[in-house]
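Participant: Structure below; questions to follow.
Taken together, the values in this text are just the output of simple stated rules run on the coordinates, not laboratory data. Since this is a predicted model, take the numbers as computed values, not measurements. Every residue, glycine as well, gets a Cβ built from its backbone with ideal geometry; the counts of neighbours run over all protein chains shown.
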Amino acid sequence: MTAAPHSANDVLLSRRSFLRVSATVAGGLIVSLYPDIPLHAQEADQAAPKPKVYPPDAFVQIRPDGKILITVNRLEFGQGVQTSLPMILADEMDADWSQVIAELAPAADVYRDPVYGMQMVGGSGSIAHSFQQYRELGAKTRAMLVAAAAAQWNVAPTQCHTEASVVQGPSGQSARYAELAEAAAQQPVPATVQLKDPSQFRLVGKRVRRLDSRSKCDGSVKFGLDLDLPGMQTAVVAHPPVFGARVKSFDDKAARGVAGVHEVFEIPLVKGTGVAVIADKFWPAKQARDRLKIDWDLSAVEHADSAQLWTQYKALARTPGNAAVSRGDQKKLDTVAASNRIVAEYAFPYLAHAPMEPLNTTIRFDGDRAEAWGGSQFQTVDQAAIAEVLGLKPEQVTFHTEMAGGGFGRRAVADSHVQRETAAIAKRLRGTPVKLIWTREDDVQGGYYRPMHVHRAEIGIGPDGMPLAWRHVIVGQSIVAGTPFAAIIVKNGVDATAVEGTADTHYDIPNFHVSAHHPVVNVPVLWWRSVGHTHTAFVMETLIDELATRAKADPIAYRRKLLKPDAKKLRAALDLLEQKSAPWRTTLPQGHAVGIACHESFETGVACAVDVSIENKRPRIHRVTIAVDPGLAVNPLTVESQFQAGVAFGVTQLMAQGAITLKDGRVEQRNFDGYTPPYIVDAPVAVDVHIVPSAEAPSGCGEPPVPVIAPAVVNALAKLTGKRYRSLPLVTV
Amino acid sequence: MRAYKAMLQATSVILVACAAWSASNPISSAREGVAQKTTARASTRAEGLAAWQQVYSVLTHARCVNCHTATNYPQQGDDRHRHFANVVRGPDGKGVPVLQCVTCHQESNADSTGVPGGHNWHLAPLSMQWQDLNDKILSSAEVCQAVTDRSKNDHLDGQGLLRHHEEEPLVLWAFQPGRRIDGTPRTLPPLTHEQFVAATRTWVEAGTPCPQNR
Amino acid sequence: METYTLTVNGQPKEVTVDPGTPLLWVLREDLKMTGTKYGCGIAACGACTVHVGGVATRSCVVPVSLIGDRPIVTIEAMAEDPVGRAVQDAWVSHDVVQCGYCQSGQIMSAVALLRSTPKPTDTNIEASMGGNLCRCGTYVRIREAIKTASQQLT
């Protein structure tokens, strides 16, 4: 039977249905989840608005050869979502996992995060927010395949059984999904569907290896930076040495003398201007940029300076800010004698994300449309930004999501600055595709850092050793100020991402007052994997440890006592940690110490114990035992991987050269020689991960590993050296 | 008359004997203020020590001392910070598998990428350490001791040391150290290679004297 | 511009480039072999690791003019190499990769290590892999996979 021609106007779309099924020209079945939109214009309803034209939006495609292509509505940048989301769908669909292949969805509203309402990766929400969505997609697809088979065999669907891409009938009938796809496409889309009982899961909850492993081991996978198109040019941009500054003039004679260089011109940046160099290849472009003589106008922008900022921040921290949380009696603290108080000031520097794949985007502008490629955590935002620069509508820009070499938040940028730079160049090069590459130097010096922070905490300790009153001031730039996110995230002048982990602590702290100041500084800032928790967890967990030490209490017992009764996940994690670390925690060799930390972020409770000694004047992390309650662990292998590796990522904060500093507006670090992330010697040697068994809805695992490691390590160091560590990075131990 | 002539003869014999004695004995006390101008003459101890100070100033310049460490790592840069990427000495001073010196350092300078290079790039052996374990440069006396100790310096005598300074590729490299990644030329030692060799020669001809004080 | 004939994975390849062009960019852009990655350009991260004349080499800092006739081997050849294959299989069985961007360099480094030290100790692994950066932090599994590959090969 020949396939019906592919058309956006499908007969089966009903006004209330949110699943659209269409047949492909090749005879496959496409199932897609569509937002609740009015009936298509092909229906005789003149009042319905014309639907937007989207690219072919689909989540599942069953190919005639039996391969099942599942489209993932997320960027894959290491977190394993390109495997775990297909697992969920394939499980409900009873698909043969060995036939499943996955692709990353291009920018399109249909791929938006169901909770956040926009297409993105962030907030550790991929599984948490799309678990139900992908289950339903899988279940509905299965239902339609079964209905098609049942119709062919003249049996009831309930008499059919599915397994490994095969429908079996009650009397030995059997049909493969590939054979049924066309007929299934004609079936009505079920409005509701029965999901599996968890006991029926074949994939979910199992340790399933990644689909993209081999291709990432043999050099065949293509990242955004690897893109090659016919006639493509490569661009690099000279950015101002002080954020937001402008080009006054430039001399490109030497630059243009480099063979392979074609164009040099000024481009607008989100703030300020820069100079773009266009060449056949990267190396000539970079050589040419190095030969540019640019006269910058640095006068009209603030020259941020770390030393000045520390002074300013520390002064601000001594004054109350905008209230984030205020409960109990503010004055209680004043009644506590000085000898029963802790007054602690903490300092955290700017941090660069430095994902291994430097930032890049490729765009070809054809006048009435454009095509873009890149690893993006904010595809539709970037698509819209590119469209704006090119004078197009977003739907005239096809944005392909490429595999990304890490992100950690760096590819989720509200102002789409890299895409805008690229679009400005593509506009000029009309018809020729151009790939913009940021060098590592561009990346380290290019801003969008985890903001600098100062905390000042004053704790009054009661006679039982528990906190009686707690006053906490946090100073740091607002990440979302000036972005559309501000409306949701900033309340009463407090950016929630700056106080999360403290203001919403799960510790039962009476007379608790947290406030924040958000200085405006000419340094672009951004969310760095686990965001506010990167600094708040460090402060909370080191202070709690100090309180426990003063109370001569076991650090785990103290936390258990102080946690709110309903801190279910943290309590579960702490209990499991205590059990799993018991064999080694009390029998450490001379020169080793244990450090404990627990923290909940993105609704996942984490507790860890570290075994640390000091070697060559640095902390040597021999072992980390982690217990985590992430709700249902969809892929325990991925969860384990995220935690084993996420704690290594968290060690970035401890590295001696783990800070971005500015002097008179200029970033002082240039590359990994000045901003040095953890190598294998710096990372924990062994990490054992234990997952609290749970049937609760899955919560995130991407960010929760990060906040606990730095405080756990310094809590161990405190035992070895007697010092309290309140300033990161750890320059000296 | 005859007594006076005999006395002159005796004195000149003694003078000649003294000169011969001091020329043949390398460890002799300084003969202050005596200018000796013949080309074949040996340097005085004072000249030797002065020449040694010049040699020392080169040996302890960053371009040389960065590879004469006491630790298991080389240094880099004029500020002599620890070499990045955790490169280590290894059993022969050539690094370890995967991170050998020649993993990056080729046979000549790579100016386009800012990586210095020379034949057989490697660390000086620990017996030739000119710093302490805290990366502090050793004194002139200590370095001189190390350099002239034949049980430590690969059995080089004075002539061997001179040849080493004249010909060893990595020594030569220090005087043509190439460009950094930012295009600026690396800082040179305080002497040219010719001056360094000349100073070495003077020092060797003085019998490679070492200062006694710290 | 100069013309060089390079031996890459056993094949002669002719390129005409500026002599100062790092081997990395010749591989990626002139030969379209993008398996070898750009991570930093100053040899600090190891993503660009290839084998030149049998020695692990950081291709981002070696100008093509200094290669000479030394054979070049890249990640693309590892599947056909017994040590390379064992390492890749171990990487897959241990589910090492996350974003994967550093892994070409990690694998090339691990292969070089195992060729010289078939039974590396923890100390060997840490010293030899000590210059390869992984921002995702997959170090724990890299250690385990190297040990597995070693067991497979010996």
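Participant: With a cut-off of 8 Å between alpha carbons and a minimum separation of six or more residues, what is the relative contact order of chain A in percent?
Facilitator: 13 percent
Participant: While we're here: On each of the three principal axes of the Cα atoms of the protein assembly as shown, give max minus min coordinate, whole Å, ordered largest first.
Facilitator: 150, 79, 65 Å, listed from the longest principal axis down.
Participant: Summarise the partner chain shielding of A:376-383 as one whole number: the mean count of Cβ atoms from other chains within 10 Å of each residue's Cβ.
Facilitator: 0
Participant: Write down, largest first, the equivalent ellipsoid semi-axes of the stretch A:131-244 in whole Å, where each equals the square root of 5 times an eigenvalue of the alpha-carbon gyration tensor.
Facilitator: Calculated on Cα positions only, the semi-axes equal 45, 18, 17 Å.
Participant: With N denoting the number of residues in the stretch A:445-515, provide Rg(C-alpha) divided by 2.2 N^0.38 Å, to two decimal places.
Facilitator: That ratio works out to 1.33.
Participant: Take every Cα-Cα distance within the stretch B:80-162, group them into 5 Å bins from 0 onward, and report for each bin the whole-number percent of pairs it holds.
Facilitator: Here the calculated profile for the stretch B:80-162 is 3, 13, 17, 20, 19, 17, 9, 2, 0.
Participant: Can you give the local net charge around A:Gln477? Use residues other than it whose beta-carbon is closer than 13 angstrom to its beta-carbon, Lys and Arg +1, Asp and Glu -1.
Facilitator: -1
Participant: Positive end of the charge dipole of the stretch A:663-733 (Lys, Arg +1 and Asp, Glu -1 on Cβ, about the Cα centre): tell me which of A:Gly665, A:Ala695, A:Pro711 has its Cα farthest that way.
Facilitator: With unit charges placed on the Cβ atoms, the residue in question is A:Gly665.
Participant: In debye to the nearest 20, how big a dipole does the protein assembly as shown give about its Cα centre with +1 on each Lys and Arg Cβ and -1 on each Asp and Glu Cβ?
Facilitator: 2320 debye
Participant: Ok, one more. At 4 °C and 1.567 mPa s, what whole-number value in µm²/s does Stokes-Einstein give for the translational diffusion of the stretch A:340-428, with Rh from the Kirkwood sum over Cα pairs?
Facilitator: 91 µm²/s
Participant: Further question on the same structure: Based on the alpha-carbon gyration tensor of the stretch A:572-697 and its eigenvalue square roots a ≥ b ≥ c, which shape applies: rounded if a/c is under 1.5, prolate if not and a/b is larger than b/c, or oblate?
Facilitator: Numbers: a/c = 2.59, a/b = 1.46, b/c = 1.78.
Cα axes put the stretch A:572-697 in the oblate bin.
Participant: Here's something else I'd like to know. Local charge sum around C:Val55 (other residues, Cβ-Cβ under 15 Å, Lys/Arg +1, Asp/Glu -1)?
Facilitator: My count for the surroundings of C:Val55 gives +1.
Participant: A further question on this structure: For chain A, what is the mean residue ellipticity at 222 nm derived from helices alone (per DSSP H run of n ≥ 4: -39500 (n - 2.57); sum divided by total residues; nearest 500 deg cm²/dmol)?
Facilitator: For chain A, the value works out to -8000 deg cm²/dmol.
Participant: How large is ³J(HN,Hα) for each residue in the stretch B:49-62, as worked out from phi by the Karplus curve 6.51 cos²θ - 1.76 cosθ + 1.60 (θ = phi - 60°), to whole Hz, x for Gly and Pro?
Facilitator: Along the stretch B:49-62, the couplings run 5, 5, 5, 4, 4, 5, 4, 4, 5, 7, 4, 9, 6, 3 Hz.
Participant: Return the calculated 222 nm mean residue ellipticity for chain C, to the nearest 500 deg cm²/dmol, obtained by summing -39500 (n - 2.57) across DSSP H runs with n ≥ 4 and dividing by the residue count.
Facilitator: So the calculated ellipticity at 222 nm is -9500 deg cm²/dmol.
Participant: Relative to the first principal axis of the alpha-carbon coordinates of chain C, what is the inclination of helix C:103-116, with its axis defined by its Cα atoms, in degrees from 0 to 90 and to the nearest 10?
Facilitator: Roughly 80 degrees, rounded to the nearest 10.
Participant: Can you list residues from other chains, or at least 5 along the same chain, whose modelled amide H is less than 5 Å from the amide H of A:Val667?
Facilitator: Residues meeting the criterion, in which the H sits 1.01 Å from N, do not exist here.
Participant: Take the residue pairs A:Lys617/A:Lys723; A:Lys286/C:Lys32; B:Lys94/C:Lys119; A:Lys331/A:Lys719 and return only those whose Cα atoms are more than 22 Å apart.
Facilitator: Flagged as over cut-off: A:Lys331/A:Lys719.
Participant: With +1 on each Lys and Arg Cβ and -1 on each Asp and Glu Cβ, and nothing else charged, work out how big the dipole of the stretch C:15-154 is about its Cα centre, in Debye to the nearest 20.
Facilitator: In debye, rounded to 20, the stretch C:15-154 gives about 240.
Participant: Roughly how compact is the stretch A:55-214, stated as its Cα Rg over 2.2 N^0.38 Å to two decimals?
Facilitator: 1.03
Participant: Let me ask something else. Can you give me the long-range amide H partners of A:Met452? Hydrogens built in the peptide plane at 1.01 Å from N, cutoff under 5 Å, separation of 5 or more residues or another chain.
Facilitator: A:Tyr350, A:Gln477
Participant: Next up: Would you work out if the stretch A:566-616 is rounded, prolate or oblate? Take a ≥ b ≥ c from the square roots of the eigenvalues of the alpha-carbon gyration tensor; rounded if a/c is under 1.5, else prolate when a/b is larger than b/c, oblate otherwise.
Facilitator: Since a/c reaches 1.5 but b/c is at least a/b, the shape of the stretch A:566-616 is classed as oblate.
Participant: Here's a follow-up. Which number do you get for Rg(Cα) / (2.2 N^0.38 Å) in the stretch A:398-512?
Facilitator: Numbers: Rg = 21.1 Å, N = 115, 2.2 N^0.38 = 13.4 Å.
The reported ratio for this selection is 1.58.
Participant: I've got another one for you. Counting only other chains, and only Cβ atoms inside 10 Å, what mean value do you get across the residues of A:60-69?
Facilitator: If you average over the peptide's residues, the count of other-chain Cβ atoms is 0.
Participant: Next question, about the same structure. Over every pair of different alpha-carbon atoms in the stretch A:501-543, take the mean of 1/r and invert it; report that Kirkwood radius in Å. Provide the component values of the computation, followed by the final result.
Facilitator: Values: mean 1/r = 0.0814 Å⁻¹.
Mean inverse Cα-Cα distance, inverted, gives 12.3 Å.
Participant: Whole-Å semi-axes of the stretch A:236-341's equivalent ellipsoid, largest first, each the root of 5 times a Cα gyration tensor eigenvalue? Write out the running numbers ahead of the final one.
Facilitator: Details: eigenvalues 536, 38, 31 Å².
Calculated on Cα positions only, the semi-axes equal 52, 14, 12 Å.
Participant: Per-residue Cβ counts within 10 Å, from other chains only, averaged over B:76-87: what number is that?
Facilitator: That works out to 4 on average.
Participant: Mind checking which helices in chain A clear 27 Å along their axis (Cα) and have mean Kyte-Doolittle hydropathy of -1.0 or more, DSSP H runs only? Mind dumping the intermediate values first?
Facilitator: Details: long enough: A:126-153 (39 Å, 0.01).
Helices meeting the criterion: A:126-153.
Participant: To continue, here is another question. Taking the Cα centre of the protein assembly as shown as the origin and placing charges on Cβ (Lys, Arg +1; Asp, Glu -1), which of C:Gln151, A:Val110, A:Leu225 is farthest toward the positive end of the dipole?
Facilitator: C:Gln151
Participant: Taking amide H positions as placed 1.01 Å from N in the peptide plane, with prolines and chain starts having none, which residues 5 or more places from A:His262, or on another chain, fall under 5 Å of its amide H?
Facilitator: The list, which skips near neighbours in sequence, is A:Ile278, A:Ala279, A:Asp280.
Participant: Also, I was wondering about something else. What is the magnitude of the charge dipole of the stretch A:238-382 about its Cα centre, with +1 placed on the Cβ of each Lys and Arg, -1 on the Cβ of each Asp and Glu, and no other charges, expressed in debye to the nearest 20?
Facilitator: 520 debye
Participant: How big is the Rg/Rh ratio for the stretch C:69-130, C-alpha atoms only, Rh by Kirkwood, two decimals?
Facilitator: Result for the stretch C:69-130 is an Rg/Rh of 0.96.
Participant: Toward the positive end of the charge dipole of the protein assembly as shown, about the Cα centre and with charges on Cβ (Lys, Arg +1; Asp, Glu -1), which of A:His506, A:Leu292, A:Gln396 goes farthest?
Facilitator: A:His506
Participant: Something else now. In chain C, how does Rg compare with the Kirkwood Rh, expressed as the Rg/Rh ratio over alpha carbon atoms?
Facilitator: 0.97
Participant: Over all directions, how big on average is the projection of the convex hull of the alpha-carbon atoms in the stretch A:489-584, in square nanometres?
Facilitator: Taking a quarter of the hull surface, the average projection is 8.4 nm².
Participant: Still on this structure, I have one more. Please identify every one of the trypsin sites (Lys or Arg not before Pro) in the stretch B:127-191 that sits in a loop by DSSP and has no more than 15 other beta carbons within 10 Å of its own beta carbon.
Facilitator: Qualifying residues, ordered by number: B:Lys136, B:Arg150.
Participant: Okay, moving on. When only DSSP loop residues count, what trypsin sites (Lys or Arg not before Pro) in the stretch A:409-464 have their Cβ near at most 16 other Cβ atoms within 10 Å?
Facilitator: On the way: sites: A:Arg410, A:Arg411, A:Arg420, A:Lys427, A:Arg428, A:Arg430, A:Lys435, A:Arg440, A:Arg456; in loops: A:Arg410, A:Arg411, A:Arg430.
Answer in residue order: A:Arg430.
Participant: Defining a contact as two alpha carbons under 8 Å apart and six or more residues distant in sequence, what relative contact order in percent does the stretch A:260-328 show?
Facilitator: Relative CO of the stretch A:260-328 lands at 20 percent.
Participant: When the Kirkwood hydrodynamic radius is evaluated over all pairs of different C-alpha atoms of the stretch A:630-733, what value in angstrom, to one decimal, is obtained?
Facilitator: Value: 15.6 Å, from the Cα pair sum.
Participant: Provide the net charge surrounding A:Glu696, with neighbours chosen by a C-beta distance below 10 Å and charges set as Lys +1, Arg +1, Asp -1, Glu -1.
Facilitator: 0
Participant: So what's the convex hull volume per residue for the Cα atoms of the stretch A:643-691, in Å³?
Facilitator: It comes to 75 Å³ per residue, whole-number rounded.
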